[in-house]
Amino acid sequence: MVGVGQGELPQRAEVGVRWLSRVGDDAGGHAVLAHLRAECVDVGGVEVDSQRATGAFIRDSHPSRPIEVAYH
């Protein structure tokens, strides 16, 4: 998660990190928010959408084969 790496910044540089996005009101969305909060990322700007499911983008890369991308 991009926000997780950025969430380490406040501990090192005394700056805040905020993630702006929208997640579904489902187990996936709640897990994403819990994980980001645990990493000191401000998720106050995230909209929880009860009408849509949380999506996922998975990128698999390896030096010996082409990059594979899947959207769920």
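Each value in this text was obtained by applying a stated rule to the coordinates, not by laboratory testing. Source: prediction; values computed, not measured. Note that we place each Cβ from the backbone using ideal geometry, even for glycine, and neighbour counts take in every protein chain shown.
Listed peptides 50-62, 29-41 appear in the order 29-41, 50-62 once ranked by packing, highest mean of other Cβ atoms within 10 Å at the front.
Each Lys and Arg Cβ is given +1 and each Asp and Glu Cβ -1; about its Cα centre, segment 9-72 then shows a dipole of about 180 debye.
Measuring r between the beta carbons of Glu68 and Val15 and using R0 = 25 Å, the FRET efficiency lands at 0.15.
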